[in-house]
Amino acid sequence: MLVTELAAEAREVYKSYNTEGITVHALDSVSLQIEQGALVAVMGPSGCGKTTLLNTLSGLDSIDGGEIFIAGEPLHAMRDARRTEYRARYMGFIFQGYNLMPVLTAAENVELPLLVSGVGVAAARKRALEALHEVRLDDRVGYRPNQLSGGQQQRVAIARALVNEPAIVWADEPTGNLDSETSREVLDLILKLNRENGQTFVIVTHDPGVGSLTNRTIQMQDGKIVGTVEDPEQAARGA
Amino acid sequence: MTLAVLGSMLRQPALRRLGLRNLSRRKWNTVLVVVGSMVGTALISGSLVLNDSTSLFQENEARQTLGEIDEVVQQTGQRLPSDRRPIPSFGEPVLSAVTPENIQEESRDLEGGPVEVDGVLPALVQEVPAEADGDGEELATPAATLIGVDWESLGEFGSEPPPVSGNAPPGPGEAYVSEGIAEVLELDTGSAVTLTGQTGPEEFEVAGVVAEDGISGYRSQFSSSEGPVLVDEAAARALLGTDEGEANTLFVSNEGGVTEGVEDSEEVAETVQSILGDVEGDGAEFQVNQVKRDTIEQGGFQIGDIFLMISSFAILAGILLIINIYVMLAEERKGELGILRAVALKRSGLVRLFVYEGYAYSLIASLVGTLVGLGIAAALVQGLNRASSAFEDLFGRDLAVPFNAEPASLLAATSAGLLITFLAVFVTSLRVSNLNIVSAIRDLPEERPQRRPRGRLAAQALLFAGGLAVSLWGFAAENGYAMLIGPVLAAFGFGFLLSLFVPARPLWSVVSAAVLAYAYFANEFEAVAVENEESPAMFFVSGVLMVLAAVLLVTFNLSFVYGGLRLLMRLVPALAPILRIAVAHPAAKRSRTGFTLAMFALILYVVTVSAVFSSTQNAASERTRDAQLSGYDGAVQSGPLGSIEDFEGQVEENPGLRDATEGTAALSAGGVVLPEYEADDYETAFGPPIGDAAPGAGISEYVTYVPDGFLGTTTDELSERLPEFGSDREAWEALSEDTDLVMLTFPYDGSGDFLARPELGAGDTIVMQDPVTGEEAEKTVAGRIDNPGGFNLGVVNGIIVSERAEGEFTDLQAQETYLLELGGGVDVEAVSRELEDEFAAAGAQSFLVEDILGRGQVFIDTFVNIVQAFLAFGLVVGVAGLAVISARSVHERRREIGTLRAVGFKKSTVGWQFLVESSLVSLIGIVIGISVGALGGYNLFNFVIEDPSAEYVFPWIQMALIGVGVWLASLLATIVPAVRASRVPPVEALRHGG
């Protein structure tokens, strides 16, 4: 894990989309700082730019202007290959739709970030099994996604996001497809991992319940950050 | 079908708009689907137009070489194509019996009523040598067809008398020469040409050069004559020494034009044969050749049929491609379709939606395919003409096939293509329309019902029971198709039923392995082997069963196939992420992978079988080169004028021949009959014995008298010999001491190639009879020559006896053959030319083994190359199919690709993963096709061709090159989709994230 105070930083980031002649300013001069080990929620109404913020901060999407630093490294200045490599090594992703490879087993899904980072097949399998153990799916390692429940699939996705021990984990509506009980389980898992491993989580969510569990909530509207709510208790826990 | 679809479209304007909208909405998709779908139509159209072209060639041949002649009656019994002895003449009893009136009268009791004949023309016909003075050099041909007819009768022959009859009758010493002869001997009106007959040479003045049209183009079957020379009846009689009032040939014209008359040919031949049965005597034996029918039908063989059979594999591959494409299209639009179903549309509406779209694709594809097929046919005709040009000078005429496309064939190709494509679309539409609305909208995997629907269970039970019933009937009735297909259906039915209790992989592995083994070994059953030999359709059925069974076996065991890749992943970690995904997709999408594998395997199967055929023929010809002509290198055969007076002297005097020749041997062959066996009881490899032997006639055979020199040097190996001989050599040498011993050439197995032959072997006795004098000689069979395989040059024929027995038939009409042994390193072409120049004037024909085998091999190689080029077009199905599937996969897997990019896959890794995935599937398909093709080729040679001398040769290098070539082509075809995949941005992972 990188030793730096800031896990991610955005400076005056702009991002707009042009769809059929209509320009939408998805991010409009967004600046923020996320500390190492933080558990941050990004909230706001639909279309406010929160997913775009996650995409650009994580390097999934390019920006039109501004700067982004991840663990002090200028992500915005990296070429695609370098950015991809960086993502594989220092970031994890959790998606609302789980985004597991339907043709791979749970273990194979979890192995992917390791294999792509050059870890050997045997070592990758060992670490994948450990990650699956951590998310309590030891008995489902050989199952394909369609043989798992929604909660189990999301836990596989979490294991995949964490198996590389990334500095920062991006989660886009991680509980959006889950019922309340399973959502709770998944959130507990994220909280536990954040607390025990000190990994930074940035969660995009609609769910105020999720927001209440984080130590900082960033509010967005019309592509801008309109407010930040710190929860000292959570912050203390996270720190 | 078209009316039904169009009618439905008119009634459902909204669905029509919705369905057809996709054509313009996704233009590239439309192009890909049309290309994939049109290949089958193109191949059908190409094959049918090729049939049109060869049919026109045959019709032209019939028109040019026969005209109004439908049957030819001669008194010679069965003759080999190489038999150039004079045709015996006959007199008044036959001439007055075979008349149009008598034929009509005699045929009154036939089932279809009396047959009408509009001409019977007596003629004197014989191949004679012809010479002329060119510009300062002697020009000669060993074979011009002399035809002597009464000019007035010629003008009344048939409904469309031959054009030459419009010329003034040739006076004494005048002749009309055909264009072929005129070209070879450089003749023009007024030139002199010398013809040599039994009475000696006679000079004729050319009264005119006539086009080869009907009788002025007449040649007997397999003749190498340069063309006819028409003279007055009396002149021919004088040249050939025939008596007044005699002829040796009757040309019969059936009522109707050049091609229509052929319909009654069988009845006319039967009637004439029956009339002749009443007049013939003294052992005379007539044959009535249905020459027109043979020329037009070529023994029922149509080259386009072979291409159609070969195309069937590509067409089936095309059908699999269409199904694959439509299933993918449906999967891609699953959400859209689910919403349509949710909003208002019934299942039948979804079917209509797909059918309308599919019909439009099918229509465009079948029209484009028919046009492309015209191009294919033109290329095939050009290729065939190149192949046949190797034989043009041997047959002395133009063998070029004209390009001809009949509108009916084009319509048939378009309709067949439309029907096949549309049916594939329709069946697929039924399947894809059966979707779960919720799963479709939410993009969830289709849930399988826990219990099998009763209807499906009943259908599976019916398949099993039906398969059993077909098997039982097939074995009882010895029906090859039922014997092959019945057990396969039963096995699949049984498999479906067992799948209720047994896991899929072991179950289908066992079923597919069993089907593969059965389809391979089914040729052990004679009925299956016979069907395979006689019907190209059987070759298709057994090939398809083997290929599909192999594909099924591999598809269910891909994990084993990929085992080696796992090792590679361990050894080269950088490849691990690429291979992991590249392998996982095909393994998970079993039907899609299976269909894609089958596309490649089906076409590679037939490519491999044709390559095996060519290589085996090549090897046989190479191996048997020395065995042809009993170890000699060439032969000179005397013509109708009898022996060449001083063969050895002529060779000695010609420096070119003297230096090249190391030894000669003179053989003498005459026609005998085996009275103990009736020709009617036997079939030959080329259908009924040549010349439709008269009812009750004995088998015609040749007796060949050979000198000691031949017996001491022949390299002919024996397949069996009397036990007292310790070696083949001993057996051969025993013949020179004992004139009661004979050696049989091949085959004496109850069938024969050109002549019918009984089953005889060492130790049997055989009675030979002179058909003219009735003299008989009894011999003991000392042994039988082994079939050397390859091209049988057929000079040493029938029953071989020492020359010491020559004279046992006092008046045997013989043909002489001089065998030549050439020294090493001689210029084959130069010697061939020298031989022709030296002996043509005497009417002798010559050939060299090297030359003939070379031409034969050129023909086979060119033909196989054409077949493979034709199939290369079929490979477009596989390659284009893979490109289409890859392109659709990129679209279908954008979200997955986005996720891979998000978790760290570089652009290049994604691209490589797609390339590796596609190329692995194509590689496995190619390997299956080539492997099963190797088995199919082996099967063909073991069970169907049954040529004991044929040795199975697998063309490793050629197949490796083809395999690699196809693989590279498929790799190239998937580069574009792979690049597109690599360009999918990682943000796609979230865009489709719900």
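Since every read-out is calculated from the coordinates, none of them should be taken as a lab result. As the structure is a prediction and not an experimental result, all values here were calculated from the model. Here the Cβ is made from the backbone with ideal geometry for all residues, glycine too, and neighbour counts use every protein chain on show.
Some notes on this structure:
- Among the listed pairs A:LYS192/B:LYS589; A:LYS126/B:LYS589; B:LYS334/B:LYS907; A:LYS50/B:LYS906; A:LYS50/A:LYS192; A:LYS15/B:LYS334, those with a Cα-Cα distance over 30 Å are A:LYS192/B:LYS589; A:LYS15/B:LYS334.
- Approximating the spin labels as points 7 Å out from Cα along Cα→Cβ, the A:SER180-to-B:GLU152 distance works out to 12.1 nm.
- Axis angle, to the nearest 10 degrees, between helix B:728-737 and the longest C-alpha principal axis of chain B: 20 degrees.
- Average other protein chain Cβ within 10 Å of Cβ, residues A:99-106: 6
- By average C-beta atoms within 10 angstrom, highest first, the peptides B:271-278, B:853-860: B:271-278, B:853-860
- Exposure proxy order (Cβ contacts within 10 Å, fewest to most) of B:TRP732, B:TRP967: B:TRP967, B:TRP732
- Kirkwood-based Rg to Rh ratio, region B:487-578, C-alpha trace: 1.17
- Dividing the helix sum by the residues of chain A, where each DSSP H run of 4 or more adds -39500 (n - 2.57), gives a mean residue ellipticity at 222 nm of -11000 deg cm²/dmol.
- By the count of neighbouring beta-carbon atoms within 10 Å, fewest first, A:TYR17, B:TYR326 end up ordered A:TYR17, B:TYR326.
- Helix B:303-332 and the longest principal axis of the Cα set of chain B meet at an angle near 0°.
- Check: the protein assembly as shown dipole with +1 on Lys, Arg Cβ and -1 on Asp, Glu Cβ, in debye: 17620 debye
- Size of region A:60-165 from its Cα atoms: along the principal axes, largest to smallest, the extents are 46, 29, 22 Å.
- Whether the protein assembly as shown is rounded, prolate or oblate, judged on the alpha carbon gyration tensor where a/c under 1.5 counts as rounded: prolate
- Overall Cα dimensions of chain B, principal axis frame, Å, largest first: 103, 67, 61
- Both radii were evaluated on the Cα set of region B:817-858; the Rg over Rh quotient, with Rh as the Kirkwood radius, amounts to 0.97.
- DSSP assigns beta bridges within the protein assembly as shown; of those with both partners inside it, close to 75 percent run antiparallel.
- Available extension along the chain between B:LEU10 and B:VAL572 is 196.3 nm, counting 0.36 nm per residue and deducting the alpha carbon span.
- Principal-axis analysis of the Cα atoms of chain B puts helix B:265-279 at an angle of about 30° to the longest axis.
- Cα extents for chain A along the principal axes, largest to smallest and rounded to whole angstrom: 46, 41, 38.
- The sum of -39500 (n - 2.57) across all DSSP H runs of n ≥ 4, divided by the residue count of chain B, sets its helix-only mean residue ellipticity at 222 nm to -18000 deg cm²/dmol.
- Cβ-Cβ FRET estimate between B:GLU776 and B:SER415, R0 fixed at 56 Å, reported to 0.05: 0.35
- Kirkwood radius and radius of gyration were both taken over the C-alpha atoms of region B:89-283, and their ratio Rg/Rh is 1.01.
- Histogram of C-alpha separations across region B:538-669, 5 Å bin width, %: 2, 8, 11, 10, 9, 8, 7, 6, 5, 5, 5, 5, 5, 6, 5, 3, 1, 0
- Exercise: per-residue mean of other protein chain Cβ atoms within 10 Å, B:980-986: 2
- Residue-averaged beta-carbon neighbours from other chains (10 angstrom radius) around B:587-595: 1
- Neighbour counts of other Cβ atoms within 10 Å put B:SER535, B:SER922, B:SER55, B:SER889 in the fewest-to-most order B:SER535, B:SER55, B:SER889, B:SER922.
- Over every Cα atom in region A:1-98, the radius of gyration and the widest Cα-Cα span, Dmax, amount to 13.6, 45 Å.
- Average projected area [Cα convex hull, region B:775-931], square nanometres: 19.3 nm²
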